[in-house]
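Engineer: Just dropping this structure here.
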Amino acid sequence: MCGWASFWQPRQKDTGDLGQQVRCIADTLTHRGPNDAGAWVDPEAGLALGFRRLAILDLTADGRQPMHSESGRYVIAFNGEVYNFADLRHQLEPLGHRFRGHSDTEVMLAAIEEWGLQAAVKRFVGMFAFGLWDRQERRLSLVRDPLGIKPLYYGWMGQTFLCGSELKALRTHPAFRPVVDRGALTLYLRYGYVPAPYSIYQGVYKLPPGCMLTLCSPNDRPSPVAYWSAKEIAERGVAQPFCGSEQEAVEQLDCLLREEVRRHMVADVPLGAFLSGGVDSSTVVALMQAQSTQPIKTFTIGSHEGEYNEAVYARAVANHLGTDHTELYVTPAEAQAVIPRLPEIYDEPFADSSQIPTFLVSQLARRQVTVSLSGDGGDELFGGYDRYWIGRAIWQKMRWMPPGFRRSLASRTTSVPTAVYDRWLSGLAPYAGKYNGKASVGAKLHRLAEVLAQPTPEDLYRQLVFQWKAPADVVVGGHTPQVGLASPDCWASLPDFVHRMMLADTITYLPDDILVKVDRASMAVSLEARVPLLDHNVVEWSWSLPPSMKMRDQCSKWILRQVLYNYVPRDLIERPKMGFGVPIGAWLRGPLRDWAESLLSEPRLRNEGFFHPAAIRETWHEHLSGVRNAQYLLWDVLMFQAWLEHCNNVSSLQCRASSSFVA
């Protein structure tokens, strides 16, 4: 695991010390690679590669990067792990390739020399984001893994092309001009994250999962080319369904997951796992312990607030499996102390509040291990989110009603303010219109009406997951690009609505939220997080299963549970899904109120010129008064404001608005 950065600029008479320049840029990623540093330049081309190393495999100098291929043609800077590198090495050695060390990076280069870039990448099993310089063709290629586990940013600033693992590295280059992209900001309010291919900055993009980008000069403007498509995989899997019995499916999944977990356990440094006590992490830990002669180290963060505490369940699973378990109960003050660090950790606005416990459990694990396995991906692959049940149930109940009738009913319902509903209902049932920790009855009626008005199941799902429903009305000069769930590209021709929701999340929410959260939180403390459930072989196999093997009888992730029950008693697992959250809504009314008020003050919002203050202030007052729980909407805005403040406090980084958008 590591961090890397590169720049490519037209050759000039005085290029300066490219090596020193790229080393300084890469040093902003020391948290991703504290063990070693490296740089390589091609002064004739004006290209430089910088690298920071977190040594996981081959801890010797033979594993250093940037690394040259055996012939010297290729130079690579690589972030991630290729878990099947030993198998590939066995295939390459009879073909005449010789290896100095035993790193996966060296095997990747040999595979590229032997089979070519695209054919080699299709053989890689793992998580990766890399830059490859072809010295013969003078060509730069960027490649990202199929599911988007590892990040890769790129963009153009004037005549300079920049790319790397995190935005903070790109921002360090003298050519970088940090102008906020208003369209990306609008998307951020809609989703709580900036969806690919956008970043928060104009001219800078995220390489989509399963794609590569190749440039023959720094002024080239090519589009990413997909070498792997989740949409095509899903459509093919549904068209060629699994034909065996349910028991055979369970046995095959057990065997497949055991193999992938075994691969993910290969490391030359201490290794452990996150354990929440839920289905996904418990399955990963159970399969790890079943293949280990020593107790696996497991880590859990606990909370004294019962609604958010899963530590007791994790401890029960750990005791049953016999792991070497560590848990840490954190106070609200300790959790809140993480908030000032979030803008620096996440580098662009990011509003999934489970970022806080994810960072804390990563910090806990790093005290003992350098690699930790995680259960992320199980919800998207096997139907774990409550919204899948809710979306299907609502659509089944409303689809018989004529669309015109639904729209009329919704319009009539929303024409009455939520406060009026609450007053009416409070006369019938005390507290009916009061804040109950989630939403008042009036707010719920409005939300139900908004869902009722949707003409298609896809529109219904968007309504369920969108946060700010009309973000372009909140952002000054805002417009909303049609990406993410709003793009037809993330919706496949699948007969089952649940499958369509799962695929949409796999393409959008998984890489742009879940995997961003895990990568940044873990790498902030120099911990490598691995996600065996998201091996692309597992993903491809899962799509051959019918929805009934994933969700049945109000039971989510049915087949994954059957695998887990081979190792853990059912009664340790069977309970409602809790999630990995913190009580942001209550904190904003209590200890975080002054901090939030300072960031949301009307003069500040007006002076900065990104948001229309009226909409923000109204939402803030509604939350404080208890009319509704607007914690997610407010956290979106607060995380942008905190990020903006962080940028403006760093003297060399000025996040300024485009002059055409000055409020």
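Taken together, the values in this text are just the output of simple stated rules run on the coordinates, not laboratory data. Since we're looking at a predicted model, the values are computed, not measured. Methodologically, a virtual Cβ is constructed for each residue, glycine included, from the backbone with ideal geometry; neighbour enumeration extends over all protein chains shown.
Engineer: Please list 205-218, 44-57, 634-647 highest first by mean number of surrounding beta-carbon atoms within 10 Å per residue.
Structural biologist: Ranking, from highest mean packing down: 44-57, 634-647, 205-218.
Engineer: Any chance you could list the semi-axes, whole Å, largest first, of the equivalent ellipsoid that the Cα gyration tensor gives for the chain, using √(5λ)?
Structural biologist: Rounded to whole Å, the semi-axes are 39, 32, 24.
Engineer: Would the stretch 1-107 count as rounded, prolate or oblate if I go by the C-alpha gyration tensor, calling it rounded below 1.5 in a/c and otherwise prolate when a/b exceeds b/c, oblate otherwise? Don't jump to the answer; show the numbers that get you there.
Structural biologist: Details: a/c = 2.89, a/b = 1.54, b/c = 1.87.
Oblate.
Engineer: Over the stretch 472-572, calculate the relative contact order: mean separation of alpha carbon pairs under 8 Å at least 6 apart, over the residue count, as a percent.
Structural biologist: Here the relative contact order equals 13 percent.
Engineer: Which chymotrypsin sites (Phe, Trp or Tyr not before Pro) in the stretch 77-154 pass both tests, a DSSP loop state and at most 16 other beta-carbon atoms within 10 Å?
Structural biologist: Taking the stretch 77-154 and a limit of 16 other Cβ atoms within 10 Å, the loop chymotrypsin sites (Phe, Trp or Tyr not before Pro) found are F99.
Engineer: Could you tell me which of rounded, prolate or oblate describes the stretch 282-393, using a ≥ b ≥ c as the square roots of the eigenvalues of the alpha-carbon gyration tensor, with rounded for a/c under 1.5 and, failing that, prolate when a/b is larger than b/c and oblate otherwise? Please report the intermediate quantities before stating the final value.
Structural biologist: Working: a/c = 1.62, a/b = 1.13, b/c = 1.43.
Oblate is the answer for the stretch 282-393, as a/c is 1.5 or above yet b/c matches or exceeds a/b.
Engineer: Magnitude of the Cβ-charge dipole of the stretch 533-619, K/R +1 and D/E -1, about the Cα centre, nearest 20 debye?
Structural biologist: Dipole size: approximately 240 debye.
Engineer: Still on this structure, I have one more. Determine, for S522, S544, S229, the number of other Cβ atoms within 10 Å of each Cβ, and report the residues in order from fewest to most.
Structural biologist: Exposure proxy ranking, most exposed first: S229, S544, S522.
Engineer: Below 8 Å between Cα atoms, with a sequence gap of 6+, how large is the relative contact order for the chain in percent?
Structural biologist: Numbers: 1230 pairs, mean separation 107.0, N = 663.
RCO, the chain: 16 percent.
Engineer: What percent does the relative contact order of the stretch 181-259 come to when contacts are Cα pairs within less than 8 Å and at least six residues apart?
Structural biologist: Relative contact order of the stretch 181-259: 15 percent.
Engineer: Shape verdict for the stretch 79-139, please, from the Cα gyration tensor: rounded (a/c under 1.5), prolate (a/b greater than b/c) or oblate.
Structural biologist: oblate
Engineer: Sticking with this structure for a sec: Only bridges with both residues in the chain count here: give the DSSP antiparallel percent, nearest 5. Let's see the in-between values first.
Structural biologist: Working: 54 of 72 bridges.
If we restrict to bridges inside the chain, about 75 percent are antiparallel.
Engineer: Which of I112, I507 has the fewest other C-beta atoms within 10 Å, and how do the rest follow up to the most? Before the final figure, lay out each step's value.
Structural biologist: Working: I112 23, I507 29.
Final ranking by Cβ density, sparse to dense: I112, I507.
Engineer: Less than 14 Å Cβ to Cβ from T456, Lys/Arg counted +1 and Asp/Glu -1: what total charge do the surrounding residues give?
Structural biologist: +4
Engineer: Related question: Given the rule -39500 (n - 2.57) for each run of at least 4 DSSP H residues, summed and divided by the residues of the chain, what is its mean residue ellipticity at 222 nm, to the nearest 500 deg cm²/dmol?
Structural biologist: Theoretical 222 nm ellipticity from helices: -12000 deg cm²/dmol.
Engineer: Right, next: Among S526, S598, which comes first, then next, by fewest other beta-carbon atoms within 10 Å?
Structural biologist: S598, S526
Engineer: Among the trypsin sites (Lys or Arg not before Pro) in the stretch 461-533, which ones are in a DSSP loop with at most 16 other Cβ atoms within 10 Å of the Cβ? Mind listing them?
Structural biologist: K469
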